[in-house]
1. Please identify the cysteines of chain B that lack any partner cysteine with a Cβ under 4.7 Å from their own Cβ.
2. Using per-residue counts of other Cβ atoms within 10 Å, averaged over each peptide, order B:136-145, A:137-146, B:36-45 from highest down.
3. Counting Lys +1, Arg +1, Asp -1, Glu -1, what net charge surrounds residue B:122 among other residues with beta carbon under 11 Å of its beta carbon?
4. Counting only other residues whose beta carbon sits under 13 Å from that of residue B:32, what net charge do I get with K and R as +1, D and E as -1?
5. Compute the FRET efficiency between residue A:272 and residue A:179 as 1/(1 + (r/R0)^6), taking r as their Cβ-Cβ distance and R0 = 45 Å, and round to the nearest 0.05.
6. Residue B:52's amide H: which non-local residues (gap 5+, or another chain) put their own amide H closer than 5 Å, with H modeled 1.01 Å from N in plane and none for Pro or chain starts?
7. Enter the mean number of other protein chain beta carbons within 10 Å of the beta carbon of each residue in A:20-33, as an integer.
8. Counting only other chains, and only Cβ atoms inside 10 Å, what mean value do you get across the residues of B:181-190?
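Just so it is clear, none of the values below were taken in a lab; they were calculated from the coordinates. All values derive from a computational prediction rather than experimental measurement. So basically every Cβ, Gly included, is an ideal-geometry build from the backbone, and we count neighbours across all protein chains shown.
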Amino acid sequence: MILKMKKEDLSAFLETVKEWGELWGPTRKGERVAFERVEALSQMDLKAARTIIPPKKLLYPPRFTMFDFDDEGYVERTGDVPNRILFGIHPCDIHGIQIMDTMFLEEYKDPYYAERREKTLLLGHSCIPDEKCMCFATDTEFIAEGFDLFFTDLKMFYLVWVGSSRGHDLVRMKPELFSRDIGKDDILNYTEYRKWKTSQFSANADFTGMPDIFELGYDSSILDELAEKCLSCGQCTMVCPTCNCFNVVDEVELGSVEGTRDRFWDSCMFREYSLVAGGHNFRDKRVDRLKLWYTHKLQAYIGEFGEPACVGCGRCVATCPVDINVVTVANALREQEVGK
Amino acid sequence: MSSPKIGVYGFTGCAGDQLMILNCENQLVDLFGATEIRSFSMAKSDNHEGELDVAFVEGSISTEEQLEHLKDIRKRAKMLIAIGTCACWGGPQAMKLEEGGFEKRYKGVYGNAKITVSKAFEAQPVDAFVRVELKIPGCPIDKSEFLGAVSKLVAKRHPYLYRFPVCAECKWKENPCILWEGKFCAGPLTKAGCGAVCPSHNMPCVGCWGPTDDLNVGAEYNLLKEKGYGPDEIVQKMKKFGGAGVAKLVKEIKPTAKEKEANK
C-alpha cells in the first residue's frame, strides 16, 4: 500500500508515534552523523548521505551483556530492550538489515538480535546520493520490502509505502495525515524522482563479474600490494552494514562466582580473529585477511545467496584511512593495477 | 578458594599504575579481601618478601640494582604481570632503543658526576630480562582492565585483554576517523583498552597503550608522510610509547612505490 502525506505533517506524525517507543534518527554534530535518540524531527539531519555506523548498532550493539551467571546457572539479559522507532534509514541500510536478518534470524536464531529486531520499527526515508554512494552497483538503491514504513520525499509530499502490519498500525494512530488520493502528478513526480536519483551517482563502481574476477585474481600480487597498505585497524568491518562477526568473553566479579558473558564486534581484519587453540593462525598474513573480507562481500556471498554482501552504502569508502574499500579493490583487481 | 598471594612492585616509571590500583576505591576492599597482598610498598609498610602467586611489576628496568630485584621477584613469583606501558614496552625512557648513543646521552645528562648508586643502563621493558606471563599496558593502566584481569586470576581463569587496535573501540563510539582530518593519530598501531578516550574528545591517539601484536608500521608511516609529517617526527612519535614494540620495526620501513619512483 502506498499513501500520500503532506511534508509538513511529518513532524506531527512522529510526535504521535513516539507513544509506541523511543524515536531515533540521523543527527549531525560537525562531521559526526549518527543515529541517536531524538525528541523531534527538528533534531534530525535527513540530508546526510550516511551515518558513521549503520543502524546495526541498535539491533546488535558493539558490546553488550548476553547473560549473568553464577555457579548455579545463568539468567538471560533479554527483556529490557525498549521499543524503538528508527526513522530516516536509507534503502542501502534496509538491505543491510535484511542481510543481518538472514544471518541472525534464520538457520541459527540469535535471541539477542531477534529481541531488538522485534522491538525496532524501521521507517525508511529516501536519500540524496553523494560521490561515495555505490548502491547503483549493488542494485540496492531502491527498496521494496523489509521496512515498516518508507517515506519518499517528493518535495511537497511524501509517498509513504506501508511495508508491514506494524507500519500500518502506526498510520492508524494518525490516519487523518494520510491520503489514498494519488493522482497522475504524483505518479509523474515519482517517476521523475527515480530518474533523478539514478542520475546522481558518480562513484566509479562496477561489481559485474566480480565472482569470476576474484577467482581469476585470487593469487594476484595486486592483493599483496593492497595488504601492504592495510593498517589492520578494522574500521571497515565496524562500519559495514553487513559485517556481523563477534567475539564472546566472560567478565567475573572479583572474588565471586558471579559474572557476565559479553559479546562485542570482532573483525576478520584482526590477527587474533583467526587464531585458534594451540597457536595456529589460519590467516596470519594480512593479505589473507583482506582476501577473506573482499571475497566474502563480492564473491562467496553471491555464490551462497545470489547477491553481494555489499549494499553500496559507501561507508568503507568514507572510513578507510588508506583508501582500501570495495571500489578500489574491485577496480584494482579488474584493471590489475592499484589506483592512487 | 585460597586467596592468591600478590606483590606489587615499581621500577623506573611514574608510579601511576600503582596509584591507579589504589584509585580503584570502590573495589579496594574487594581487592584486599580476594587477594593476600604480601608486598605493596606504595600502599602499606608491613611487607613480606616471600613466595608469590602473582607479581605485578610497574616501570622499565634501568639499573643493575633493579635488575637484581626483578630477578628475585621472578624467582619468587609463579606468574609475573607487567603493568603499565613502561613495564610492557619501556615507556618514553626507551624511545631511543635500537638507535645507540646511550653512553653519550648519559654523559650529556650526568657529565662527569660521580654516581654512587647502582650502575644505570638504557631502560628496557621487563620482558627484556625475565619471562612475563601477561602485559596489562596503559599510561596509566585502566581500572577495569586491571580489575578484570585480577578477577579472572582469582577465579583461576585466563584474563582476556583486547589485542586489536584502539580504532575498534573508537568506531564503537562512532567517532569520525581523526586521520582523515590530517591529524597525527597513532590509533592503528595502538592496543585497545582505554575506550578510545582521546579520539572521543577529538584528540588524536598518542599511542600510550603501546603497540598491538599486529603492527603495520610501514603503512602508518607512509600514510602520515602523505599527510605531510616528516620522517623523523613520525618515527619519534611512534617510539615515544611504542618503545621495544616498534624499535626494530621502524628500522625496516620500506620506501613506498612513489618514493621508489622518485629515487630512480
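1. B:14, B:24, B:86, B:88, B:170, B:177, B:185, B:194, B:198, B:205
2. Values: B:136-145: 22.4, A:137-146: 18.2, B:36-45: 15.2.
Highest-to-lowest ranking by the protection proxy: B:136-145, A:137-146, B:36-45.
3. Details: positive: B:96, B:105; negative: B:98, B:99, B:103.
With Lys, Arg at +1 and Asp, Glu at -1, the net is -1.
4. Details: positive: B:5, B:38, B:44; negative: B:25, B:30, B:36, B:46.
Once positives and negatives cancel, what remains is -1.
5. Values: r = 56 Å, r/R0 = 1.25.
Efficiency, rounded to the nearest 0.05: 0.20.
6. Under 5 Å from the amide H of residue B:52 lie the amide H atoms of B:77, B:78, each far enough along the sequence or on another chain.
7. Working: counts 0, 0, 0, 0, 0, 0, 0, 0, 0, 1, 2, 6, 5, 2.
Across the residues of A:20-33, the mean count of other-chain Cβ atoms within 10 Å is 1.
8. Working: counts 1, 0, 0, 0, 1, 0, 4, 8, 3, 1.
Partner Cβ neighbours, averaged per residue: 2.
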